[in-house]
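Here the structure is laid out as structure tokens; the discussion comes afterwards.
The values are calculated or read from the model by the stated rules, or taken from the named source; none is laboratory data. As the structure is a computational prediction, the values presented were derived from the model and not from experiment. Positions of Cβ are backbone-derived with ideal geometry, glycine not excepted, and every protein chain shown enters the neighbour counts.
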Amino acid sequence: MDKIRWGVRIPISPLVSDGWNKLQSEVATMRFIQRNTTIPIPEIHAYGNGERLTDNSHTTQAFLIMDQLPGQPLQLDTLCSSATDKRNRFYADFGGILAQLHELQFPQTGSLYPDPEDDARSVVGPSLCLVENDLKVNTGARRRIAPALKSTTAAIRHQYDMLTDAFDVPTADASQDTAMREIFAMLSLADLLPNFCRSPSSTGSFALCHGDLRCENILVDDDLRIQGILDWEWATILPQQLCTPPLWICGHDPSMADSTRNKIFEDFQRAISVDHKYSKCLRFWKEEQLCLSIAQILRHPHHLIPIYYQHIYPRIYKEPFANAAKTFFASEDKQRTLQDRLGASERYTNHLKQQGLFVADEFVHELRDLLERSAKLQEALAAKGMR
């Protein structure tokens, strides 16, 4: 008989602005998923708050005790090299999970919480969002609780406002090229939002979205059968046109090689048959690549530059970014915005160095390399088109 294993989750206070609120939402979401879907998730055995679980007698913690599911996190190398029938079964099963989430519809935005009158049931309350949490933690500023929004346009605008707030936070060691690309992309997205809000998927309804469907949160067995979906802590209710497939499956994860990204998305499309429950959603994302890219940025602000310049900019502009930027930043207002951003970065970098806290950001260097390669490719394509 297999041994029963339990796991304990404890919110890390410095990284989470309200650990108890987040944990209660995770519990309510998981129970809602168990009642309304066949998605495999751990069974919850207990949860609570105010317990001393560390050596520090002056602090208490919230906790969640649940089953430890069998299997191991999905590995993309294993997925890509597996037999076709195993890959197809995995993609079909995963598409079924996305379809079930898409069918959990609500009249407004928000997150799920335990019903005060019946702990076993769920009610919709204020939205919990990882982007919002990071803004609170990184800036220390008290932020207004996001209201329940019943308009898809208002909800999408709110996501864009969070994106703007995230990029208003100074970053260390920002280069002029990166700052220019951020400002250009943000204003370009603002111009694209009205049409995005009127996209064909805009039905006025909202659906429950998992907040972090990375491979680490998808447990599979040796035959790629899905054993469990983990980490429901940032699940939230969003307009359906923001309920995107995860970055890694639709070619938007910048950490993946181009060949791997393309192969996975193509395999996923082939595995979802016409009569599959996720077929309609996937067909929309395939046909509306621009909408998919915009939605991914609104969901994942830290991927603004790679997604915008790999998937959006080439669809709108035919000239290299350097040429477009020259015209764009000729405006005094935009030049002032650029200098303000660079000045804030310089002051922040100096502060970190004075406090002995400055650490070179490897992601920034990788991003600069990516942008350089992208610029060279655009120049080559432009030159080829001119001949």
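Being within 25 Å of Gly110 (Cβ to Cβ) and acidic (Asp, Glu) is the requirement here; does Asp191 meet it?
No.
Could you name every one of the strands (runs of 3 or more DSSP E) located completely within segment 36-141 that has at least 1 residues being touching a Lys or Arg at 6+ places or on another chain (Cβ under 9 Å), surrounded by 15 or more Cβ atoms within 10 Å (Cβ to Cβ) and of a type in the set (D, E, K, R)?
61-67
Against the conditions (1) buried (at least 22 other Cβ atoms within 10 Å of the Cβ); (2) closer than 23 Å to Lys150 by Cα; (3) in contact with a helix residue (DSSP H, G or I) (Cβ under 7 Å, 6 or more places away or on another chain), where does Gly251 fall short? Just the number, please.
(2)
Considering only segment 1-35, how many residues are touching a residue at least 12 places away in the same chain (Cβ under 8 Å), in a helix (DSSP H, G or I) and not aliphatic (A, V, I, L, M)?
Here the count works out to 12.
In segment 323-362, how many are surrounded by 10 or more Cβ atoms within 10 Å (Cβ to Cβ), modelled with pLDDT of 90 or more and in a loop (DSSP other than H, G, I, E, B)?
Number of matching residues: 2.
Could you run through segment 124-164 and say how many residues are within 30 Å of Lys353 (Cβ to Cβ), touching a residue at least 24 places away in the same chain (Cβ under 8 Å) and over 16 Å from the mean Cα position of the chain (by Cα)?
So the answer is 4.
Take the conditions at pLDDT 95 or above and more than 30 Å from Val123 (Cα to Cα) and apply them to Asp222. Does it pass?
Criteria met by Asp222.
Matching residues to (1) among the β-branched types (Val, Ile, Thr); (2) touching a helix residue (DSSP H, G or I) at 6+ places or on another chain (Cβ under 6 Å):
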residue	(1), (2)
Pro126	no, no
Ala146	no, no
Thr152	yes, no
Leu163	no, yes
Asp168	no, no
Gln176	no, no
Met180	no, yes
Leu189	no, no
